[in-house]
Structure formats: C-alpha cells, structure tokens
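The values are calculated or read from the model by the stated rules, or taken from the named source; none is laboratory data. Just so you know, these numbers come straight off a predicted model, no measurement behind them. Note: ideal-geometry Cβ built from the backbone for every residue, glycine included; neighbour counts use all protein chains shown. The accessibility values were calculated without ligands, DNA or RNA, using every heavy atom of the protein model including side chains. Shrake-Rupley method; radii C 1.70, N 1.55, O 1.52, S 1.80 Å.
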Amino acid sequence: MNIILLGPPGAGKGTQARNLVEERNMVQLSTGDMLRAARTSGTEMGKKVAAVMDAGNLVTDEIVIGLIREKLQNDDGADGYIFDGFPRTLAQADALGELLADLGQDLDAVIEIRVDDDALVERITARATCGNCGEVYNDQTKPIPADGKCEKCGASDFQRRADDNADSLRTRLMAYYKQTSPLIGYYYAKGELQIVDGMGSMDEVAGEIKAAIES
Ligand code: AMP
C-alpha cells in the first residue's frame, strides 16, 4: 500500500502521516523532514537549500527526487510508503511513478486533504513540534502540556519552524497553488484521487483517510 498525502502547508499531512505510521506499520517519507535533517547535520545540500526553504520556495526537483530515490532504493518499505510533501510538481509526480514502477510497485491512493485557506494561516502560525519525536502541537487546539513535557515522549525541547511565519507562508501557499495544485487534476485523470475534508478534528480526518484507503 503506497499513498500520497496531498494538500497545502498546514493541511495536516504530517500529523496524519504519523498516525498512519502508528496504525499501519507504514513508512513516512517526508521530503520536508529530510531537507530539515540535511540542514541540521550541515551537509552541503542542507546549506544549499536553507535560504530557499526559509523563504518558502520549492527546492529543485533534482534534489528532492534524489532524496526519494535513495530512500526507496535502500528501504524495504515495511507495509508501504506514505509520501508526505512529495510530489510537489508534475516532474516529481512523473519521477515517483517511474521509481515505483522500477520497484514493481504502484500507487494505491492519492489523498487530497482539503482545508480552507483562512484556517491554514491560523494553524501554521500556532504550530510547534516536539524536537525529539516530532509530535505536533497547536497553541489553540492542542497546547504544549502545562508541565512542559511532550505527551508522547516526555522531552521538553519544542521547536517552531523557521518558515512558519506569515511571510514565508504566503510564498508557500503561492508555490502550492502554482506548482503543486495541478497534481490534483493529474491524479484525478489517472483515477487515483480521493478527497477528504481536512477541517474536522484530527480523529475525524483520520477516519476519513481510513475510509478512503479501504474503499
Ligand atoms: P514541508 O515540511 O513539507 O512543509 O516542506 C518544507 C519546505 O521544504 C518547503 O517549503 C520547500 O522549501 C521544501 N520542500 C519539501 N518538500 C519539497 C518538495 N517535494 N519539492 C520541493 N521543495 C520541497
């Protein structure tokens, strides 16, 4: 089972991907997480993409396709992959199709998480993540626990992303509508698109995704 979670920044792709990992033994492949890890470890590639990411623009297809290629070639996939934040351009979508075909695999579903644009700004500027386990918090809907410890792993290192600010978000949204949203039509035409309402609670959205995967 290989699925893509598609949607604008703040739609809940990462949160729902983590949920699927826990429930289904799937492997989450988040190009955003991979790029942030490259920055933290100070690789040449990490240094190269830092400014592009902070501004909210997309890094080159070559770099992200390379990251995904490496993962797919070195990982046995457990019970399937969840592509989170990849593909984001038509060239990346074509490349993913070819990479999976090379492995004798296919895409089972492309799930678009649909969210009102107004809600995205609120969600993103309120977002914090546990620096240890990646659990996602939100100042309004799921605040960091009063004891300052992550409810999942107990760590007390919370981080806010450098690109989770109003300026970068405008650029990220523009990149989504210009470069990524054409994928909705692309996968619809291939008969692979499923749409879920991303405005509900985390559990409600998870339920819709489950139904979409099992349909
Ligand atoms: P994300 O964590 O998915 O919101 O990604 C954070 C940032 O990483 C994006 O704003 C882009 O700068 C970069 N990025 C992540 N995935 C991709 C991708 N598939 N293609 C191009 N840039 C990406």
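Sorting T60, T141 on solvent-accessible area from highest to lowest, probe radius 1.4 Å, gives T141, T60. Surface exposure of the chain, expressed per residue as accessible area with a 1.4 Å probe, stands at 50 Å². Name the residue farthest towards the positive end of the dipole of region 23-70 from the options A50, S30, T60, assuming +1 on Cβ of Lys and Arg, -1 on Cβ of Asp and Glu, about the Cα centre. Of the candidates, A50 comes out farthest on the positive side.
Here is the list for region 93-161: trypsin sites (Lys or Arg not before Pro) lying in DSSP coil, each with at most 15 other C-beta atoms within 10 angstrom of its C-beta, are K149, K152, R160. Dipole magnitude for region 108-194: about 160 debye, using +1 per Lys or Arg Cβ and -1 per Asp or Glu Cβ, origin at the Cα centre.
For G131, the residues whose amide H sits under 5 Å from its own are D157, F158, Q159, ignoring neighbours fewer than 5 places away on the same chain, with H placed 1.01 Å from N.
Report the residue, chosen from M199, M53, M45, that carries the largest GNM mean-square fluctuation when the chain is represented by alpha-carbon nodes joined by springs under 10 Å. For the chain, modelled as a Gaussian network with Cα springs under 10 Å, the answer is M45.
Considering only protein heavy atoms, with the full assembly of protein chains and a 1.4 angstrom probe, order L193, L103 by accessible area, largest first.
The residues order as L103, L193, largest area first.
Database remark: amide H of Q28 closer than 5 angstrom to the amide H of I82 (H placed geometrically; neighbours at sequence offset of 5 or more, or on other chains; Pro and chain starts carry no H). Once the Kirkwood radius over Cα pairs is known for the chain, the Stokes-Einstein relation at 20 °C and 1.002 mPa s delivers a diffusion coefficient of 121 µm²/s. When the charge dipole of region 79-215 is built from unit charges on Cβ atoms (+1 for Lys and Arg, -1 for Asp and Glu) and taken about the Cα centre, the candidate among A126, G191, Y137 whose Cα reaches farthest toward its positive end is A126.
Convex hull volume per residue, computed on the Cα atoms of region 125-175, equals 79 Å³. Using Cβ point charges alone (K and R +1, D and E -1), the dipole size of the chain about the Cα centre works out to roughly 640 debye.
For Y186, the shell of other residues with beta-carbons less than 11 Å away shows a net charge of -1, using +1 for Lys and Arg and -1 for Asp and Glu.
Placing unit charges on the Cβ atoms only, positive for Lys and Arg and negative for Asp and Glu, gives region 27-124 a dipole magnitude near 500 debye about its Cα centre.
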